[in-house]
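Beneath this line is the structure, given in structure tokens, with notes to follow.
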Amino acid sequence: MTAESLNAQLAQCYQTYTQSIYAREWEDNVSAPLLMHVYDEYVTMARKILFVGQETHSWGQMNLKPTVEKLMTTYRRFNLGKAADYRDGKPLRYLRSPFWNFNRSVFYNCNCDNPSVTRNTNGFLWTNISKFDCNSTTPSHDLQERNKEGFELLKSEIAILKPDIVVFLTGSKYDERINRVFSPMRETLLSDGYLYQLSTGDGALPRLTFQTKHPRTLLGSRRNKMPNRYREVLEKVIEAVRNC
């Protein structure tokens, strides 16, 4: 397994996907699909992790039909949130949102036995259950149905990348889509939907697959009297991985 071979397999898969969706008409406010690029460090990790978020917050335009190569390059240059380009004339930004801090913490604590690994190592991968957004937020049910291949694409990506660990940071918002694609069983690790361990009969998901809420939600809200469960969930995931 090399990053080059994985990227070639992904590109072939993505070419089939984009040919299908680009044959349709799309509104100006529908983003281009999020297509991954595998970094060299990923294949060297003892514990390979794929994080699955909800949807992008703008990612080009679908109706401009960007090529697979361009979209994979956009992902590579984004550098796992360390070089975000908001096209506002300002320098590239290092994202320190709850989402990216959670991902980096899980990744580092699961791979820190390797002395070369830091929180900034490009040793994990990230995608979203929805490969696109609309107006920088959740696409409507109709748009989701029109791009249902995008949801099914995740299963093919996992088969190619063979992560040891998958972490869904989706809450329950996309449960219908996850259930359609994977038909998983959920074992409760923390109550009230804060953490599940997922399993599938066909092995489409690795044994260490977890589902929790978006890290921003995990931080809670005093206004809405929601508890801060961020640290508890983070430590529970790390514990489950390291004890396996």
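FYI, it's all coordinate maths here, none of it is from the lab. Being a predicted model, the structure only gives us computed values, none of them experimental. Cβ coordinates were reconstructed from backbone atoms using ideal geometry, including for glycine residues, and neighbour counts include every protein chain displayed.
Numbers for the structure displayed
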item: Matching residues in the range 101-131 - criterion: being surrounded by 19 or more Cβ atoms within 10 Å (Cβ to Cβ) and closer than 20 Å to E55 by Cβ; result: F102, N103, F124, L125, W126, T127, N128, I129, S130, K131
item: Residues satisfying the stated conditions in the range 38-53, i.e. under 18 Å from E152 (Cα atoms) and either of a type outside the set (A, V, I, L, M) or free of Cβ contacts under 8 Å to residues at least 24 places away in the same chain (or both); result: F51, G53
item: Pair list, Cβ under 7 Å, 6 or more apart: the range 5-21 residue on the phi < 0 side of the Ramachandran plot, other residue surrounded by 20 or more Cβ atoms within 10 Å (Cβ to Cβ) and of a type in the set (S, T, N, Q); result: I21/N147
item: Pairs where the first residue, in the range 165-190, is within 18 Å of F51 (Cβ to Cβ) and the second is surrounded by fewer than 16 Cβ atoms within 10 Å (Cβ to Cβ) and of a type in the set (V, I, T), C-beta under 8 Å, 6+ apart; result: K173/T138
item: Checking E145 against (1) closer than 30 Å to W26 by Cα; (2) within 18 Å of the chain's Cα centre (by Cα), the condition it does not meet; result: (2)
item: Cβ pairs under 6 Å, 6+ apart, first in the range 216-244 and within 17 Å of L198 (Cα to Cα), second assigned to a loop (DSSP other than H, G, I, E, B); result: V233/Y194
item: Which numbered condition R77 fails, given (1) among the charged types (D, E, K, R); (2) in contact with a Phe, Trp or Tyr (Cβ under 8 Å, 6 or more places away or on another chain); (3) in a helix (DSSP H, G or I); result: (2)
item: Residue count, the range 95-139 (criterion: free of Cβ contacts under 8 Å to residues at least 24 places away in the same chain and among the hydrophobic types (A, V, I, L, M, F, W, C)); result: 3
